[in-house]
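Since the structure comes first, as structure tokens, the remarks are kept for the end.
The values are calculated or read from the model by the stated rules, or taken from the named source; none is laboratory data. Computed from a predicted structure; not experimentally measured. Cβ placement follows ideal geometry from the backbone for every residue including glycine, while neighbour counts extend to all protein chains displayed.
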Amino acid sequence: MIVKVYSIIPSGFSGALVEVEGDKNHGLPAFNIVGMANKTVNEARDRVRSALTNSGFSFPIDKITVNLAPADLHKDGTYLDLPIALSVLLISEQLVYTDVKDRIFVGELSLEGSLRPVHGIINIVETAKRLGYKEVFLPSDNLEQASLVKGIKLIGVNNLTELLLILKNQAIPTPLAQNVVKKKNTPRRSQSFLDEIKDQAIAKRALSIAVAGHHNILISGPPGAGKTLLARTAADLLPDLTAEEQIPLTKLYSLISTDCGIITSRPFRTPHHSASSISILGGGSVLTPGEISLAHLGVLFLDEMPEYPRTVLESLRQPLEDRQITLARAKSRTTFPADFMLIATMNPCPCGFYGDETHECTCSAAQIKNYQKKISGPLLDRIDLLITVQKVSTDSLTVPGSKPAKTARKTRNTAKNSLPSTPEIALQHPEHDIVKNKIFEAILRQRRRYGSDCISNSSLSSADIVRLLKIESEAESLLRSAAERLDLSARSFYKTIKVAQTIADFEASDSIKPAHISEALSYRLDQTGNRLIIQGKPLS
């Protein structure tokens, strides 16, 4: 007697259908699982046996073989505990085949028979929908994330007994809205505001423009100049995710955690410089997303960028260009999204004081060159804004009495193609909140121009720039002249236009003007007018 139960397991950024076949034969009592299952899946034998017994079902005293087809697909994790248990119930005729036909079952079993959540539930539900299945039985704790996928019936189950009653029409599933328990999303990690940063007006404006257009930015300067504080303010300047953006990001986080809920805030990832290339890029024996994918639609912050291994930095070149990363192994291949905004900081030299007027640099010219060579030219060419900050004077650090709160117009990110009304409100952090509102307005203009919530100025192709952007003739002449004098690459040429468009959006302009081009070019130069990122005079 052969029975079949269908399930789905995550496979990269998608899912794969698994046919759980059960067979009962004469012979010594045994319970075998075959089909390229790893140790975690093989251990399901003991979990299933205890779960069935403790739930009041009998375990057959026969030779039972469970095959996980296709046999050449590597199976990992606890996703198949529930379908394996159902196949045993079908073999022992405690359940009939019509109860499980054309349904997907997934879940991990505890020894007492309750269902525990599994990773990658959105991958599973999306694959079930794509393959034409109408119902998915899954652990109740996975319902919140799974509810992001529309057009398929989701049935949350707490234990084996409840599942059997539902399958035999002796119990009614709890409605989805009542079954879902909302989990609190991790709050943003930054409590930094632009008002707390003294001086650095140019750097604050550059950071605001970078956030508004989702541009990559590199901030160079001596220790204590406020580079890290500047970068961390970006976490609160980012708008909330739209409903369309929540699905792929929650999908990524569900692959590494079962307790992340629905992701509603844009990520701000800060990997340490000692992190391995696999943790940054993704991979492993079972392909999982790395930091660049977990920063999708948010920020990847690399503090002291030259301290990261050169191989790790160079491996960022392709994701920065393609906004995705393809991981290939001997028997598997998958593509994860990686549309992140890179914010990086660095010192001008190993000691940090090259070009500082108050501290003497102790580094040799060779040390400075080697330090700066850790960031290659092709990688720099993929960074939209290169700015240098100076040390803040002591006088600026004096904290005066508290200032009265100003009022400003607040924009809520609720519309795609029109700007909402902006009521007058009191601002707790005047400068920060005013800039945040201007960023939201600039983003709304981009969405209205491109007709999508997921397209920003930085993601435009060269063809999109020609087709969608309006550049005044004087601005175009200025750009071509500057490109010849500065020997800009084609990539830098188009990146300058993208940054200029974001500046135009920031200033509520319908076209790119010469002033916007000039400012965009200034973010690719240091204070000496050279295309370098160090502080002070260029090296000889």
In the range 460-469, which residue that is more than 16 Å from SER492 (Cβ to Cβ) and in contact with a helix residue (DSSP H, G or I) (Cβ under 9 Å, 6 or more places away or on another chain) is surrounded by the most Cβ atoms within 10 Å (Cβ to Cβ)? LEU469
Is there a residue being under 17 Å from LEU237 (Cα atoms) and in the same structural domain as ALA203 (by TED's automatic domain parsing) anywhere in the range 486-494? no
SER87 being of a type in the set (Ser, Thr, Tyr), crowded, with 22+ Cβ neighbours inside 10 Å and closer than 21 Å to GLU19 by Cβ: yes
Quick test for you: out of ILE84, ILE122, ILE104, pick the one residue that is modelled with pLDDT of 95 or more and either within 16 Å of ARG49 (Cα to Cα) or not assigned by TED's automatic domain parsing to the domain that holds VAL34 (or both). ILE84
Single residue of the range 366-410 satisfying the filter (within 30 Å of PRO430 (Cα to Cα) and at pLDDT 85 or above) that is surrounded by the most Cβ atoms within 10 Å (Cβ to Cβ): ASP384
Restricting the range 93-119 to residues that are in contact with a helix residue (DSSP H, G or I) (Cβ under 9 Å, 6 or more places away or on another chain) and hydroxyl-bearing (Ser, Thr, Tyr), the one surrounded by the fewest Cβ atoms within 10 Å (Cβ to Cβ) turns out to be TYR97
Screening PRO319, PRO289 for residues that are crowded, with 23+ Cβ neighbours inside 10 Å and either in the same structural domain as SER11 (by TED's automatic domain parsing) or over 11 Å from the mean Cα position of the chain (by Cα) (or both) leaves only PRO319
Any idea how many residues of the range 254-272 are closer than 27 Å to LEU313 by Cα and either assigned by TED's automatic domain parsing to the domain that holds TYR79 or surrounded by 17 or more Cβ atoms within 10 Å (Cβ to Cβ) (or both)? 9
Being touching a strand residue (DSSP E or B) at 6+ places or on another chain (Cβ under 9 Å), within 21 Å of GLY156 (Cβ to Cβ), among the acidic types (Asp, Glu) and surrounded by fewer than 20 Cβ atoms within 10 Å (Cβ to Cβ): is that true of ASP81 here? no
Residues in the range 353-393 that are over 24 Å from MET341 (Cβ atoms) and β-branched (Val, Ile, Thr): how many? 4
Within the range 223-238, can one find any residue that is within 26 Å of THR127 (Cα to Cα) and either out of contact with any strand residue (DSSP E or B) (no Cβ under 6 Å at 6 or more places or on another chain) or surrounded by fewer than 20 Cβ atoms within 10 Å (Cβ to Cβ) (or both)? no
Please determine, by comparing only the residues of the range 484-505 that are within 13 Å of LEU521 (Cα to Cα) and among the basic types (Lys, Arg), which one is surrounded by the fewest Cβ atoms within 10 Å (Cβ to Cβ). ARG485
Criterion first (modelled with pLDDT under 95, surrounded by fewer than 21 Cβ atoms within 10 Å (Cβ to Cβ), assigned to a helix (DSSP H, G or I) and under 23 Å from the mean Cα position of the chain (by Cα)) does ARG447 satisfy it? yes
For the range 224-263, name all the residues that are modelled with pLDDT under 90, within 21 Å of PHE301 (Cβ to Cβ) and of a type in the set (S, T, N, Q). SER257
Suppose we filter ASN142, ASN169, ASN185 for residues that are under 24 Å from PRO248 (Cα atoms), in a loop (DSSP other than H, G, I, E, B), at pLDDT below 95 and not hydroxyl-bearing (Ser, Thr, Tyr); which single one remains? ASN185
List, please: which pairs have Cβ atoms under 7 Å, are six or more places apart or on different chains, and start with a residue in the range 282-294 that is over 9 Å from LEU327 (Cβ atoms) and end with one that is basic (Lys, Arg) and not in a helix (DSSP H, G or I)? GLU291/ARG269; LEU294/ARG269
Out of the range 322-344, which residues are in contact (Cβ under 8 Å) with a residue 40 or more places away in the chain and more than 20 Å from PRO267 (Cα to Cα)? LEU327, ARG329, LYS331, SER332, ARG333, THR334
Which one of the conditions (1) buried (at least 16 other Cβ atoms within 10 Å of the Cβ); (2) over 29 Å from PRO239 (Cβ atoms); (3) not acidic (Asp, Glu) does SER481 fail to meet, given that it meets all the rest? (1)
Condition test on THR53, is it of a type in the set (S, T, N, Q), closer than 30 Å to GLU245 by Cα and outside the structural domain of LYS251 (by TED's automatic domain parsing)? no
